[in-house]
Every structure is written in C-alpha cells, then in structure tokens.
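Step one of this worksheet: look at the structure below.
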Amino acid sequence: MRTLSIAILLGLAAGVVLADIAPDHLEFEADQVPLHLLIVPDGSGPGFPDARLEDGSTWDRPFRVRPWVWIWQGPDEPVPVPGYPAEDAWFVTTGGGVGCPGGSHPDGPADAEGWLTWTDPVAGGGALASADVQLYLAGLPFDEVLPLTFASPDLSGDDTVDLTDVTLFAAALGTGDPAQADLDGDGDVDLTDIVRFVPAIGATCP
Ligand SMILES: [Ca+2]
Ligand SMILES: [Ca+2]
C-alpha cells in the first residue's frame, strides 16, 4: 500500500513529468487471455467488450492494463501511475499498424490505482493478426506485449480501405493466409471474414 500511496501522491498531487519515466512491466486482469479485435480506420469496428476470445465468446467488458514504471528520482521500485494522461498512452502493432492519429488512446486518464481502460473501437489499420501489440507511454514502449491481436480490412496499412485492399484480401482468401484475411479471429478464412470486410470498403481515418 505504501507503494501505491507514493504513486498516488506522485501522479495526482505533484504530477509526473512524462520525460522522467521508464517502462518496467505491465499488469493485466487475471483471466485475461489474448483477445482478438477487428479494427477499421474510421473506428466503425467493434469495441473492446465485443473482442473475441479463442473459443469464439466475447470478452464482455473493457480491456484494462496497469503499467508499472520507474520514475526518475522517485521511489526505488517500479510504481503504477494514477492519473496518467490518456493522450500519452497508446499502442501499435509491431508491423506499424493502428495508425490513425489518436486511434488507440485509452478512454481517459489512468484511474486512482493506475489502471488504463479501453472500451471504444480502435481507429486504425494495417494490423496483421500475427503481429505483437506494444503499449507506449510517453513515446517509450514496454517490452512485454499486450494480450491482444488485431486484424483489419486495411491490409495495405495506409489507413484506408480501398481497391488495393480488396485485391490483397482476395489474394489472402485464395491462399487461406489467416494472418491477413482472418478478420474475425477464428483461425480460418471464410464467409464470416468476407462479411466483415465488405462494409469497411471506403473507410478511412477520421
Ligand atoms: Ca489500405
Ligand atoms: Ca475467420
């Protein structure tokens, strides 16, 4: 509790200078497993409560992460950061996906215990289902990846779903490459993925 009290003091009372933190590790909810989410550049994809688990069921609640960081000249151990600003937290996939400006910020600042929450759909594209998802705070990535996988109808990664993506999607359907065309994350490429692709044609970043 002492650690948490210090963190609350640092985060809420004094304010943390963003340049003075360094990522240490991430904490997830105990039953959190890799969640699969469809992301569309215009943010028209499902929100996190509709993210799918491997068995096809839905997560049914927001996605939460508690980052633990080192604070320069702060406590002698990593601490969470209550009140951490949403605009300085975001994630990207290792392939450079989730590219819309502000498309992957959390709902708001970290809560009193330092948890960041994501509820709304992510606005972005270019994410392969096989790519790792990394959280950044103040521009610095955590080594530990988030328990998330994304897929997007924007296969080309230019944050627009257009003819180029139709061509790529058709090719991926032909080869059955789930890394690109498995938009619902059920491990195969079939009609349910086409149903998710077609409505996204024309989508672009807000
Ligand atoms: Ca594209
Ligand atoms: Ca599928």
### Query
Amide H of residue 120: which non-local residues (sequence gap of 5 or more, or other chain) have their own amide H closer than 5 Å, using H built in the peptide plane?
48
### Message
Per q in 0.10 Å⁻¹, report the Debye log10 I(q)/I(0) for the stretch 2-200, using one uniform scatterer on each alpha carbon and no solvent.
### Response
-0.43
### Query
GluC sites (Glu not before Pro), restricted to the stretch 78-182: which are DSSP loop and have at most 15 other Cβ atoms within 10 Å?
113
### Message
At 222 nm, what value in deg cm²/dmol follows for the chain if DSSP H runs of at least 4 each add -39500 (n - 2.57) and the sum is divided by all its residues, to the nearest 500?
### Response
-4000 deg cm²/dmol
#### Entry: Rg over Rh [alpha-carbon atoms, Kirkwood Rh] for the stretch 90-206
1.00
### Query
Once both labels are modelled 7 Å past Cα along the beta-carbon direction, what's the residue 175-residue 132 spacing in nm?
2.3 nm
### Task
Send over a whole-number figure in Å² for the accessible area per residue of the chain, probe 1.4 Å.
45 Å²
### Task
Could you check how much of the accessible area of the chain is carbon and sulfur, as a whole percent, using a 1.4 Å probe?
57 percent
## Note on the structure
Under the 7 Å Cα-to-Cβ spin-label approximation, residue 188 and residue 94 lie apart by a distance in nanometres of 2.8 nm
### Summary
With label points set 7 Å from each Cα along the Cα-to-Cβ direction at residue 25 and residue 53, the distance between them in nm comes to 2.4 nm
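The values are calculated or read from the model by the stated rules, or taken from the named source; none is laboratory data. Worth saying up front: this structure is predicted, and the values here are computed from it rather than measured. Using ideal geometry, Cβ is built from the backbone for each residue, glycine included, and neighbour counts are taken over all protein chains shown. Areas reflect the complete protein model, heavy atoms only, side chains present, ligands, DNA and RNA absent. Shrake-Rupley method; radii C 1.70, N 1.55, O 1.52, S 1.80 Å.
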